[in-house]
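Read-outs throughout are calculated quantities, based only on the coordinates presented, and are distinct from any laboratory measurement. Bear in mind the structure is a predicted one, so any value in this text is a computation, not a measurement. Cβ sites come from the backbone with ideal geometry, for glycine too, and all protein chains shown count toward neighbours.
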Amino acid sequence: MRVMIVEDDPISRHLLETFLGELGYEIISTCDGLEAWEVMQGSEAPSLVISDWMMPAMDGVELCERIRRMDKPDYTYFILLTAKGDKKDVIKGLESGADDFIIKPFDRGELKFRVKIGERIINLEHRITQLANTDFLTGALNRRAFMARMEEEISRSIRKHKEFSLILTDIDHFKKVNDTHGHQVGDLVLQKFSTELSENMRPYDFVGRYGGEEFIACLPDTNMEQAGLTAERMRLNVESIQCSFQDNTSLPVQITASFGVASFKPTSDESLDSIIKRADDALYMAKSEGRNRVCAYHNVSSITKNPPESSNEQAG
Ligand code: GH3
Ligand code: MG
Ligand code: MG
Ligand code: MG
């Protein structure tokens, strides 16, 4: 866990650095609130801050108030460290949004366990966020979390002038899998399908469960042609998934899936719903052309030629 120390007194700062470093924390050390405030806005922002109160430039209380006003997805646990021990001061410190308060000179044992409490709360928060954002069955993002990531991706795409693409995919005749093998087998097939999609993606791509047996993947910095090739690779790999089950009495379950691809140009002011609608139109076309194929939204044209015999890909 990354911990930031904010302390203007060099001796006290050094003591904290050494002590917390020995406990295995990754330390960022700053001399006043202003310097710490700059760190908070960067990509290296820590999860836990231990800050002195009285400092030049910006004091600990103001730093804490500013952090609490930030629109930050992760919680920052804030411990105020000070020589001020009056009840009134403690209340003022806690009022600023601090989670905890330690009186200087600090006791090593007390500091250690108060930091551990902070760590426990941060870990719980991560766990809750993870549970709230992922689909329980497949581990993919749930629809709400996917849509939130997409809004960020649209902003990023416009800011960086980079295109991105969406792949919407739906398992073909999945109802038949449930009807033939039961719902539990259907669940296992969904898990394998989701894993297969992820394995064909790069680390910064992300996938969400859009509906029952429908998944959606976002490929940042990817044009339609590249996304078409990825979808085609996914399609071929899905075709070769062999789901065999415990007792081996029945034949392995085989599935196919249809794919719709759409791209977003950073020059457009299209809404997320409209981009997804285009991917959905392409998916609809893939289904109506006979399933087990990839269609791209140009004028909705087929990428996959004559599946499943041939695997020739041709975007456009
Ligand atoms: P199509 O090729 O047109 O997509 O046909 P389909 O049978 O896949 O589509 P349909 O919409 O008729 O059926 C989807 C099925 O997916 C029905 C539903 O019970 C099943 N399903 C949705 N969510 C789950 C799930 O979490 N687990 C299991 N086992 N089945 C699910
Ligand atoms: Mg000070
Ligand atoms: Mg289906
Ligand atoms: Mg469906």
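A few notes on this one:
- Antiparallel bridge percentage (DSSP; both residues within the chain; nearest 5): 50 percent
- Prolate/oblate/rounded call for segment 2-132, Cα gyration tensor, a/c under 1.5 rounded: rounded
- Length gained when the stretch residue 161-residue 2 is fully extended (0.36 nm per residue, less Cα-Cα span): 54.0 nm
- Sites residue 104 and residue 41 - FRET efficiency at Förster radius 35 Å, r taken between beta-carbons, to 0.05: 0.80
- Cα-Cα over 29 Å, subset of 72/92; 160/192; 192/265: 160/192; 192/265
- Taking 190, 23 and counting other C-beta atoms within 10 Å, the order from fewest to most: 23, 190
- The calculated FRET efficiency for residue 298 paired with residue 184, based on their beta-carbon distance and R0 = 41 Å, is about 0.50.
- Per-residue ellipticity at 222 nm, computed for the chain from helices alone with -39500 (n - 2.57) per DSSP H run of at least four residues, works out to -14500 deg cm²/dmol.
- The chain: C-alpha gyration tensor shape, a/c 1.5 cut-off, then a/b vs b/c: prolate
- The chain: relative contact order as a whole-number percent, Cα under 8 Å and 6+ apart: 12 percent
- Extension gain from residue 148 to residue 268, taking 0.36 nm per residue of separation minus the Cα-Cα distance: 41.3 nm
- Separation in nanometres of the label points that stand 7 Å from Cα toward Cβ, at residue 116 and residue 175: 5.7 nm
- Linear extension gain, residue 86 paired with residue 242, 0.36 nm per residue minus alpha-carbon span: 49.3 nm
- Sorted by Cβ density within 10 Å, fewest first, the residues 173, 181: 173, 181
- For segment 1-15, the residues whose amide N sits under 17 Å from a probe point set 7 Å from the Cα of residue 123 along the beta carbon direction are 1-3.
- Within the straight-line cut-off of under 18 Å between alpha carbons, the aspartates and glutamates reachable from residue 287 are 170, 172, 213, 214, 232, 239, 309, 313, sequence neighbours fewer than 8 places apart in one chain being disregarded.
- For residue 283, neighbours were defined as the other residues whose beta-carbon sits under 9 Å from its Cβ, and their charges (Lys and Arg +1, Asp and Glu -1) total -3.
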